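The values are calculated or read from the model by the stated rules, or taken from the named source; none is laboratory data. Every value quoted in this text rests on a predicted model; they were computed, and no experiment measured them. Virtual Cβ from ideal backbone geometry, glycine too; neighbours counted across all protein chains shown.
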Amino acid sequence: MAEKKGRRCMAQGRQYHLKRTVVLVGMMGSGKTAIGRALAAALDVPFVDSDAAIEEAAAATIAEIFERDGEVFFRKREAEVLRRLLSGPPRVVSTGGGAFLAQANRDAIAQMGVAVWLDADLEILWERVRHKDTRPLLRTADPKATLAAIYQERTPIYSLAGLKITVKDNASIEQTMRSVRDTLASRPDILEIR
């Protein structure tokens, strides 16, 4: 019976019991997918990247969906996928950078899970995304200025997340994952340690 309410995991002599789905939110390049995978492994729960789930359902990349169908279409599919992921058993979900901007998505996450904002500063983000061509929003004449504008616009909305983790420039994936795990464990309504 307890298994239906959450997943249990033994790690380093501790037993973890995740009670709510953890949704990682934040800017592109903040580490949502890498940290999400590590966290899910540490807690022995499923991990899902919402962008990958959208790509699988559409049989197209995010960039192709943006180009072919536009951002409005993409955001509708994103909301549908996120709601489906939240309605399942507790897991770790990483989202695209724009997912948390929609009020309906924020409400769904608050009702069925918990949002964790991975807060990385602009220079960290730029170093991580500047050599990638998979970011449709950065396909502009001045991608760094575009990133800065997106950062300024979105940061106040990300700050509405239930929990916040500051991403440090020199921290490893493992160190950042532990910060997330420890923050979650400070909330026994989300993650119990037995």
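Hand me the list of strands (runs of 3 or more DSSP E) wholly inside the stretch 1-78 holding 2 or more residues that are aromatic (Phe, Trp, Tyr), modelled with pLDDT under 90 and under 19 Å from Arg139 (Cβ atoms).
Qualifying strands (runs of 3 or more DSSP E): none found.
Looking at (1) over 17 Å from the mean Cα position of the chain (by Cα); (2) part of a loop (DSSP other than H, G, I, E, B), which is the one condition that is false for Glu192?
All conditions are met except number (2).
So, in the stretch 58-100, of the ones that are within 17 Å of Met28 (Cα to Cα) and among the aromatic types (Phe, Trp, Tyr), which residue ends up surrounded by the fewest Cβ atoms within 10 Å (Cβ to Cβ)?
Looking at the filtered set, the residue picked out is Phe66.
Quick check on my filter: what residues within the stretch 137-194 are among the small types (Gly, Ala, Ser), surrounded by 13 or more Cβ atoms within 10 Å (Cβ to Cβ) and either farther than 16 Å from Ala115 by Cβ or without any contact (Cβ under 8 Å) to a residue 40 or more places away in the chain (or both)?
Going through the stretch 137-194, the residues among the small types (Gly, Ala, Ser) turn out to be 141, 145, 148-149, 159, 161-162, 171-172, 179, 185-186.
Restricting the remaining residues to those that are surrounded by 13 or more Cβ atoms within 10 Å (Cβ to Cβ) gives 148-149, 161-162, 171, 179, 185.
Ala148, Ala149, Ala171, Ser179, Ala185 - these are the residues of the stretch 137-194 that are among the small types (Gly, Ala, Ser), surrounded by 13 or more Cβ atoms within 10 Å (Cβ to Cβ) and either farther than 16 Å from Ala115 by Cβ or without any contact (Cβ under 8 Å) to a residue 40 or more places away in the chain (or both).
Say we look at the stretch 88-135 and pick out the residues that are in a loop (DSSP other than H, G, I, E, B) and under 12 Å from the mean Cα position of the chain (by Cα); which of these is modelled with the highest pLDDT?
Residues of the stretch 88-135 in a loop (DSSP other than H, G, I, E, B): 88-91, 95-98, 102, 120-121, 130-135.
With the extra rule that they be under 12 Å from the mean Cα position of the chain (by Cα), the set shrinks to 91, 95-98.
Numbers: Arg91: 97, Thr95: 94, Gly96: 88, Gly97: 87, Gly98: 88.
By that ranking, first place goes to Arg91.
Applying the selection to the stretch 47-71, what residues are charged (D, E, K, R) and over 20 Å from the mean Cα position of the chain (by Cα)?
If the condition is that a residue be charged (D, E, K, R) and over 20 Å from the mean Cα position of the chain (by Cα), then Glu64, Glu67, Arg68, Asp69 are the ones that fit.
Tell me, which residue of the stretch 136-160 that is polar (S, T, N, Q) and part of a helix (DSSP H, G or I) is modelled with the lowest pLDDT?
Thr146
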